[in-house]
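The values are calculated or read from the model by the stated rules, or taken from the named source; none is laboratory data. Bear in mind the structure is a predicted one, so any value in this text is a computation, not a measurement. All Cβ positions, glycine included, derive from the backbone under ideal geometry; neighbour counts span all protein chains shown.
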Amino acid sequence: MVDYIADYLENIRSRRVYPAVSPGYLRNVLPASAPVDGEPWEDIFTDIEKCIMPGVTHWQSPHMHAYFPALNSPASLLGDMLADAINCLGFTWASSPACTELETIVMNWLGKMIGLPEDFLHRPGGSGGGGVIQTTASEATLVCLLAARTRAIRAVQENDPNCLATEINSRLVAYCSDQAHSSVEKAGLIGLVRMRYIESDSELSMRGDGLLEALKRDRAEGLLPFFHWQIPLSKRFRALKLWFVIRNYGITGLQKHIREGVRLAQKFEALVLADSRFEIPAARHLGMVVFRLRGENTLTERLLKKLNSRGRLHCVPAALHGKYVIRFTVTSTKYVSMFRYPLLKLILQSLLYSLWAEEIRNRKKRNTLNICYSCHFDYSNKFNEFYENNM
C-alpha cells in the first residue's frame, strides 16, 4: 500500500481530475451485502483501482482548482500513519497525556506563526484562550458560536440572575457578511441563534459602518448582539500530523509554500486580465482568483461545464452579487508549468467551443447554410473532430 500511495501521488497528473461517473455507480460494482468470510488482500487491492479510483475526485492533482487547497505532504502522511497505529482516544489528559499536551503546544506554535495575541494562546494556569483541532471548518464555526452564546448568556445572568437562559437565547443575534459561507448560517440554525447578514461592499468586504448600524438597530429593538472546546467527547491524535509538518518544513518552508501559491495566482490573474473577453469581478485574495466571461451568466456557466466535462481541469462556481463566476484556486504548486500557456489555452479552447456551438445553433435556427459550420451534419461531432485536431 505504501508503494501504491507513492506511485499514485507521483503519477497523479495523468489521471482524470474529476470522475466521469454517475450517482450510484458504486452500487453497480460492489455487492449489496458484506462478505461472510474474509477476502484475500490481493482481491481488495485490485478493487481499489477497479472500483474506488474511477469515482475519486483527485484533490492532490495539479489540475485541481476547485474549493480550496487541501494538500498532504510526506510528513503529514507519516503523522497519520503513526497516529492511526497508536489509535488513542483523547477523552481526558489521563486517557493519553501526549495527545492532550502536544495539541496545546502545536496550536500555540500555529497561533504564534500567524501572529495571534498572547490572549489567544494556551498558558499554564489558564488564560481564557487556546486552540483545539476541530474535524471540519463547519464544526469549528459551530463551536465558536456555542462558546460565544454561553459567554453572552452568563454575562446577562450576572446582571439579572432571574433571567432564564432560554429567554436570553431568544434575543441573541450574531453578525456576518452576506458573503459568509453556508456553514455560518448552519451554525446559527443549530445553535438557535439568529444571524444578521451585513451587506458587503463592491470589494465583497463587510464594512464597519454597516456593522455598527446593525448593532445600534438591534440594541434598540431589545436584542443582544454577541460575537467547550469541541463537540465530540473523544479526539484522535491529529496533533502528530501538525507536529511532523511544522518540524519538517519549519516556518520559512511553510511561508515559502504559501507565497508560491500566491505568486501563481497572481500569474493566472495576469493571464486572464490580458484577454478582454474575461473579467475579474472581485479582487484576488491570496491564492484564489474569480473570473467570468463578459456578458450573460449563461456564457460562463457553459464555459465551466465544458471545462469540467473534459476532466483535465476542475473548478467550481460561485455567485457574487448576481454574477456567475468561476473560482480558480491554487491548490498545488508542484507543477509550475501548468500555470503558463497550456492552462489558459485549455480555458480558451472551452470558451471557443461554447461560443462556436452557440453560433451553430443560431445559424441552424435561421436555416443558414454555411459549410464552415457543417450544418448538414451533427455539428457537435464535426466540431469535436476539428477541435481535437487543431487545438
- prompt: Do we find that GLU269 is assigned to a helix (DSSP H, G or I) and more than 30 Å from GLN134 (Cα to Cα) in this structure?
  reply: yes
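When you look at ALA187, is it modelled with pLDDT of 85 or more, under 22 Å from the mean Cα position of the chain (by Cα) and not in a helix (DSSP H, G or I), yes or no? Break it down stepwise before answering.
Details: modelled with pLDDT of 85 or more: yes; under 22 Å from the mean Cα position of the chain (by Cα): yes; not in a helix (DSSP H, G or I): no.
Criteria not met by ALA187.
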field: Residue ID - farthest from ALA265 (Cα to Cα), chosen from residues in region 52-70 that are modelled with pLDDT of 90 or more, in contact with a helix residue (DSSP H, G or I) (Cβ under 9 Å, 6 or more places away or on another chain) and not polar (S, T, N, Q)
entry: ILE52
query: Counting just the residues of region 47-77 that are of a type in the set (Val, Ile, Thr) and part of a loop (DSSP other than H, G, I, E, B), which one comes out surrounded by the most Cβ atoms within 10 Å (Cβ to Cβ)?
result: VAL56
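Please go through region 2-32 and give me each residue that is aromatic (Phe, Trp, Tyr), assigned to a helix (DSSP H, G or I) and either at pLDDT below 90 or under 16 Å from TRP59 (Cβ atoms) (or both), ordered by number. Can you show your working first?
Taking region 2-32 and keeping what is aromatic (Phe, Trp, Tyr), we get 4, 8, 18, 25.
Cutting the leftovers down to assigned to a helix (DSSP H, G or I) gives us 4, 8, 25.
Once the filter is applied, which keeps residues that are aromatic (Phe, Trp, Tyr), assigned to a helix (DSSP H, G or I) and either at pLDDT below 90 or under 16 Å from TRP59 (Cβ atoms) (or both), region 2-32 yields only TYR8.
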query: Considering only residues of region 161-181 that are of a type outside the set (S, T, N, Q) and in a helix (DSSP H, G or I), which is nearest to ASP209 (Cα to Cα)?
result: ILE168
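Each row is one residue, and each column tells you yes or no for (1) under 27 Å from ASN308 (Cβ atoms); (2) of a type in the set (A, V, I, L, M, F, W, C); (3) touching a strand residue (DSSP E or B) at 6+ places or on another chain (Cβ under 7 Å); (4) surrounded by 10 or more Cβ atoms within 10 Å (Cβ to Cβ).
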residue	(1), (2), (3), (4)
ASP3	no, no, no, no
TYR8	yes, no, no, yes
SER14	yes, no, no, no
TYR18	yes, no, yes, yes
PRO23	yes, no, no, no
PRO40	no, no, no, no
PHE45	no, yes, no, yes
- request: Could you please let me know if LEU293 is of a type outside the set (S, T, N, Q), under 23 Å from GLU203 (Cα atoms) and surrounded by fewer than 21 Cβ atoms within 10 Å (Cβ to Cβ)?
  value: no
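Residue by residue, here is whether (1) over 24 Å from the mean Cα position of the chain (by Cα); (2) surrounded by fewer than 17 Cβ atoms within 10 Å (Cβ to Cβ); (3) in a loop (DSSP other than H, G, I, E, B); (4) not aromatic (Phe, Trp, Tyr) holds:
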site: GLY79; (1), (2), (3), (4): no, no, no, yes
site: ALA83; (1), (2), (3), (4): yes, no, no, yes
site: LEU89; (1), (2), (3), (4): yes, yes, yes, yes
site: ALA98; (1), (2), (3), (4): yes, yes, no, yes
site: LEU102; (1), (2), (3), (4): yes, no, no, yes
site: GLY111; (1), (2), (3), (4): no, no, no, yes
site: LEU116; (1), (2), (3), (4): no, yes, yes, yes
site: ASP119; (1), (2), (3), (4): yes, yes, no, yes
- request: Identify all residues within region 198-210 that are of a type outside the set (Asp, Glu) and either at pLDDT below 85 or surrounded by fewer than 16 Cβ atoms within 10 Å (Cβ to Cβ) (or both); write none if there are none.
  value: SER202, LEU204, SER205, ARG207, GLY208
query: Picking from GLU213, GLU203, GLU158, which residue would you name as being over 30 Å from TRP109 (Cα atoms), in a loop (DSSP other than H, G, I, E, B) and not hydroxyl-bearing (Ser, Thr, Tyr)?
result: GLU203
task: Kindly establish whether VAL193 is buried (at least 16 other Cβ atoms within 10 Å of the Cβ), touching a Cys at 6+ places or on another chain (Cβ under 7 Å), hydrophobic (A, V, I, L, M, F, W, C) and modelled with pLDDT of 85 or more.
output: no
